[in-house]
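One structure is given here, and the rest of the page talks about it.
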Amino acid sequence: MPHDSSQPPAREHLHRVVVIVDENSNPFELGCATEVFGLRRPELGRDLYDFRLCSPQPRTAMRDGFFTLTGVTGLEAADDADTLIVPNRPDVEVPRRPAVLDAVRRAHARGARLVGFCSGAFTLAEAGVLDGRRATAHWQWADAFRVRFPSVHLEENVLFVDDGDILTAAGSAAALDLGLHVVRRDHGAEVANAVSRRLVFAAHRDGGQQQFIERPVPAVPDESLAPVLAWAQERLDVPLTVSDLAARAAVSPATLHRRFRAQLGTTPLAWLTRERVALACRLIERGESRFELVARNSGLGTAANLRASMRRATGLAPSAYRRRFGPGAG
């Protein structure tokens, strides 16, 4: 049958992200979800998601009555979500609405991806979908969470947990970390980096919540690692050792290790490997199919090391990563 050019082309199906907003929800995490999943992306030439808000009532008072949200669709929109972001709020002891918990259970039963920011882990746990699963929540509420939900494996000292179809972020700002991780999982490192640049936020922060738990401020804070990090990022394709980094920073290797641990929550070698894997991902996304060349230009050395490093970091072999995120994928 000939093509009817008078008919508009079918609109590409976009992954639908729906946020449930309930009484006393936190505005910051709602803003994070909107920034990551809801904004148009003219710099990419395409939209990434179909983003919607929904609420169980026509007027929703946000946290501490700062403002009232109106004009969003009803809770039935949650039934069409590919990814459902559950509500979070500071009053973790107050039970969630049964209608909200039912919507979460229905989404989980049909295979939707569930996301909880900060105290959103409490919503997921109340719905019963976290039993026997891994999750995280803000360190402030970790003890209370363990008492109420002993069957959930709470990981306290991380920024977020990706447990496949259920993902949780530890705190308010960690919502951005998790959101960018989801974009990276869905669209690859290059797109996630573009989104992070627009947010003026690191595409990947090392370390975990232990960085943010209250502790005495050192009398003399360590100097910033930014200059040595920038220097190393320009030389990922050449051999670099911890001694090289330490010499560039004009400190001993032991001091460099302490500064990396204190400021980034990781080791110099682990940071170098992560940066090299990220560069390898970008090279593959841009069309380089010769994996020996990708390994050499990213500083990973050999195709075997590239394969092992990418599997650890992304869960995908280079060939699988190319099929999913390379030119013409999707």
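The values are calculated or read from the model by the stated rules, or taken from the named source; none is laboratory data. Since this is a predicted model, take the numbers as computed values, not measurements. Heads up, the Cβs are rebuilt from the backbone with ideal geometry, glycines too, and the neighbour counts pull from every protein chain shown.
Assorted remarks:
- Counted as qualifying within region 246-303 are the helices (runs of 4 or more DSSP H) with 1 or more residues that are within 18 Å of Pro227 (Cα to Cα) and aliphatic (A, V, I, L, M), namely 253-264, 268-285.
- Any hit, region 76-83, residues being farther than 21 Å from Ala175 by Cβ and either surrounded by 14 or more Cβ atoms within 10 Å (Cβ to Cβ) or of a type in the set (Ser, Thr, Tyr) (or both): yes
- Residue pairs whose Cβ atoms lie under 8 Å apart, separated by 6 or more positions or on different chains, with the first residue in region 31-43 and closer than 15 Å to Asn193 by Cβ and the second β-branched (Val, Ile, Thr) and assigned to a helix (DSSP H, G or I), are Val36/Val182; Val36/Val183; Val36/Val195; Arg41/Val195.
- Pairs, first farther than 14 Å from Phe291 by Cα and in contact (Cβ under 8 Å) with a residue 12 or more places away in the chain in region 312-326, second assigned to a helix (DSSP H, G or I) and charged (D, E, K, R), C-beta under 6 Å, six or more apart: Phe325/Glu285
- Qualifying positions in region 155-173 - in contact with a strand residue (DSSP E or B) (Cβ under 6 Å, 6 or more places away or on another chain) and over 20 Å from Asp22 (Cα atoms): Glu155, Phe160, Val161, Asp163, Asp165
- Among the residues making up region 95-128, those that are more than 20 Å from Val182 (Cα to Cα) and touching a residue at least 60 places away in the same chain (Cβ under 8 Å) are Arg96, Arg97, Val100, Ala103.
- Qualifying residue in region 109-128 (condition: more than 30 Å from Gly74 (Cα to Cα) and either modelled with pLDDT under 90 or under 16 Å from the mean Cα position of the chain (by Cα) (or both)): no
- Ser298 being at pLDDT below 90 and of a type outside the set (A, V, I, L, M, F, W, C): no
- Where Phe291 falls short, out of the listed (1) of a type in the set (A, V, I, L, M, F, W, C); (2) within 15 Å of Arg323 (Cα to Cα); (3) under 26 Å from the mean Cα position of the chain (by Cα): (3)
- Hey, Leu300 crowded, with 18+ Cβ neighbours inside 10 Å and more than 19 Å from the chain's Cα centre (by Cα) or not: yes
- Of all residues in region 28-49 being in a loop (DSSP other than H, G, I, E, B) and acidic (Asp, Glu), the one that is farthest from Val182 (Cα to Cα): Glu43
- Some residue of region 3-21 being over 17 Å from Ala99 (Cα atoms), in contact with a Lys or Arg (Cβ under 9 Å, 6 or more places away or on another chain) and at pLDDT below 85: yes
- The residues of region 86-102 that are closer than 18 Å to Asp165 by Cα and not in a helix (DSSP H, G or I), listed by number, are Val86, Pro87.
- Here Trp139 passes the criteria (1) at pLDDT below 95; (2) crowded, with 23+ Cβ neighbours inside 10 Å except the one numbered (2).
- Residue that is surrounded by the fewest Cβ atoms within 10 Å (Cβ to Cβ), among those in region 304-329 that are within 23 Å of Ala232 (Cβ to Cβ) and aliphatic (A, V, I, L, M): Ala308
- Within region 250-269, being at pLDDT 90 or above and hydrophobic (A, V, I, L, M, F, W, C) holds for Ala250, Val251, Ala254, Leu256, Leu269.
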